[in-house]
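Let me begin by presenting the structure, written as structure tokens, before commenting on it.
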Amino acid sequence: MKDEFWTYLDRLIESSKMVIDRSAGSRHPRYPEIVYPLDYGYLAGTSSADGDGIDLWRGSIPGQPLQAALVIVDLHKRDSEIKLLLGCTPEETQTVLDFHNSGQMRAELLKRPDKDEK
């Protein structure tokens, strides 16, 4: 069943256009104190709990494979959603995890199993 979850996410990514609307180093439009450590965007034509496209973080690994997803709980927005991590190194993954485990947000990392772990 785990394989199927990741395969479905792969299919969703492959069939959607990736839109990066907040590049690394940019500030949140409503909360200027929030600076994005990596490229941040969404998958066009998809929808998440907040009604917008499924969010994603894009790291520096070429080809941007999907390695993980974050499950987020945001007490400020009073919602929960997932965010995909594409092409993130272990250091970038930790940076994004730390980013979401601050303020009124908390995140749990769902790491895609390596082929050897299956």
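Apart from one condition, Phe5 fits all of (1) outside any loop (DSSP other than H, G, I, E, B); (2) at pLDDT below 95; (3) surrounded by 15 or more Cβ atoms within 10 Å (Cβ to Cβ); the exception is (3).
Among the residues of the range 44-57, is there at least one that is surrounded by 15 or more Cβ atoms within 10 Å (Cβ to Cβ), out of contact with any Asp or Glu (no Cβ under 6 Å at 6 or more places or on another chain) and of a type in the set (S, T, N, Q)? Yes, the range 44-57 has at least one match. Residues considered: Leu70, Leu84, Leu66. Of these, the only one that is farther than 17 Å from Arg11 by Cβ and either buried (at least 18 other Cβ atoms within 10 Å of the Cβ) or not polar (S, T, N, Q) (or both) is Leu70. Here the range 1-21 is the region considered, the condition is being of a type in the set (A, V, I, L, M, F, W, C) and without any contact (Cβ under 8 Å) to a residue 12 or more places away in the chain, and the residue that is nearest to Gly53 (Cα to Cα) is Phe5. Condition check: at pLDDT 95 or above, of a type in the set (A, V, I, L, M, F, W, C) and surrounded by 15 or more Cβ atoms within 10 Å (Cβ to Cβ). Does Ala107 satisfy that? So Ala107 passes the test. Residues considered: Arg58, Arg106, Arg78. Of these, the only one that is free of Cβ contacts under 8 Å to residues at least 60 places away in the same chain, within 20 Å of Thr7 (Cα to Cα) and among the charged types (D, E, K, R) is Arg58.
Conditions (1) modelled with pLDDT under 95; (2) more than 21 Å from Arg106 (Cα to Cα), marked per residue:
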{"site": "Ile13", "(1), (2)": "no, yes"}
{"site": "Val19", "(1), (2)": "no, yes"}
{"site": "Tyr42", "(1), (2)": "no, no"}
{"site": "Asp52", "(1), (2)": "yes, no"}
{"site": "Gly59", "(1), (2)": "no, no"}
{"site": "Gly63", "(1), (2)": "yes, yes"}
{"site": "Leu84", "(1), (2)": "no, no"}
{"site": "Pro90", "(1), (2)": "no, no"}
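Kindly indicate which of Tyr31, Tyr40 is of a type in the set (Ser, Thr, Tyr), buried (at least 17 other Cβ atoms within 10 Å of the Cβ) and more than 21 Å from Lys2 (Cα to Cα).
Tyr40
The values are calculated or read from the model by the stated rules, or taken from the named source; none is laboratory data. Because the structure is predicted, anything quoted here is derived from the model rather than measured. Note that we place each Cβ from the backbone using ideal geometry, even for glycine, and neighbour counts take in every protein chain shown.
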